[in-house]
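Have a look at the structure below before the remarks.
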Amino acid sequence: MATLLDGRKLSATIQEELTEEVKKLKVASGKTPHLAAILVGNDGASETYVASKVKRCEEVGIQSTLIRLEENITEQTLLYKIEELNANPAIDGFIVQLPLPTHISEQRVIEKIDYRKDVDGFHPINIGRMAKNLPAYIPATPFGILQMLERYKIPTSGKHCVVIGRSNIVGSPMSILMARNTSVGNCTVTLCHSRTQNLSDYTKKADIIIIALGKPAFLTADMVKEEAVVIDVGITRVPDSSKKSGYALKGDVKFEEVAEKASYITPVPGGVGLMTVTSLLYNTLLAAKKEIYK
Ligand code: GUN
């Protein structure tokens, strides 16, 4: 039976450390880190994520400002808002919650953000610097996964890591990070996606599987090697009348059967998701301290 990679416990530990760091910064410089988040429209999942970011900022003593914009605003209005935040010295870092309404170009929006305030690490300058192993903001979910691997002392050097899913937010940066010559890294990485043929030929050979597809219970035990490390990034809402919210969160891994075979596994909920917000808080602290960019 696999050991659980407990995101709840680990994120609480890191959050305590961050709270201390934020306090120290205040004492040393009188400065309170300040994160802003732009939320366009009323997408249910985005509302939940942003609310959780604001709440957890408060818990660690980071100031936050939520900027809500109507679903039907023009792209230009959003770009002006970003320029304002870029120019505002009181804001250390900010994010634009994705996805955006289809009439707005995510690419133009991301490129408008000053890369020095891009605590999501989505700007091409941060992605490029990350790929070159230069100081950069690392996207929150991949960063949270690195933290998990590091703190649970899971060896990665020389291991075969299979990443499933090539999104800009998770799969693509994850594949770059696991291959870098860094303490968590040095893997041989295979990046699998919707066009991959015979996916299980790859997953069966993987020492580490990181799956970010958004397809509940996709990864089954027959696809996984004995003693593999399995990281489940999926969080799909499926209707569940027994829950107060009316839905349950489901991962991409068929947990009960894969847990029998794996050496380590992340649960959903209580795994990677909580680590994501922790990483955003960490990036915001780095921004306030000007540790990455002067
Ligand atoms: N949508 C899903 N994940 C993320 C994230 O990490 N940052 C932003 N801005 N939007 C998201």
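The values are calculated or read from the model by the stated rules, or taken from the named source; none is laboratory data. Quick caveat, the model's predicted, so the values are computed rather than measured. A quick note on method: Cβ atoms are made from the backbone with ideal geometry, for glycine too, and the neighbour counts reach across all protein chains shown. Note: accessible area is taken over every heavy atom of the protein model, side chains too, but ligands, DNA and RNA are not part of it. Shrake-Rupley method; radii C 1.70, N 1.55, O 1.52, S 1.80 Å.
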Between beta-carbons, use under 11 Å as the cut-off and find the net charge around C187, counting Lys and Arg +1, Asp and Glu -1. +1
Using only the Cα atoms, what convex hull volume per residue in Å³ does the chain have? 134
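Over the range 72-126, what lengths in whole Å, largest first, do the semi-axes of the equivalent ellipsoid take, defined as the square roots of 5 times the eigenvalues of the alpha-carbon gyration tensor?
Working: eigenvalues 65, 35, 15 Å².
Taking √(5λ) for each Cα gyration eigenvalue gives 18, 13, 9 Å.
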Expected-Rg normalisation [2.2 N^0.38 Å, Cα atoms] applied to the range 37-196: 1.12
So, with +1 on the Cβ of K and R and -1 on the Cβ of D and E, and no other charges, what is the size of the charge dipole of the chain about its Cα centre, to the nearest 20 debye? 520
Return the carbon/sulfur percentage of the accessible area of the range 45-93, one whole number, probe 1.4 Å, all protein chains in place. 54
Computed [θ] at 222 nm, helices only, for the chain once each DSSP H run of length n ≥ 4 contributes -39500 (n - 2.57): -12500 deg cm²/dmol
For the range 215-294, what class follows from the C-alpha gyration tensor (a ≥ b ≥ c being the square roots of its eigenvalues): rounded when a/c is under 1.5, otherwise prolate if a/b is larger than b/c, else oblate? oblate
Which one of A37, S64, A51 is farthest out on the positive end of the charge dipole of the range 26-92, using unit charges on Cβ (Lys, Arg +1; Asp, Glu -1) and the Cα centre as origin? S64
If packing is taken as the mean number of other Cβ atoms within 10 Å per residue, what is the order of 251-260, 20-29, highest first? 251-260, 20-29
Quick one: accessible area per residue over the chain, 1.4 Å probe, rounded to a whole number of Å²? 48
Would you grab the residues whose amide H sits under 5 Å from the one on I67? Only those 5+ places off in sequence or on another chain, please, with H modelled 1.01 Å from N. A37, I38, L39
Give me the net charge of N198's neighbourhood, meaning all other residues with Cβ under 12 Å from the Cβ of N198; Lys, Arg count +1, Asp, Glu -1. +2
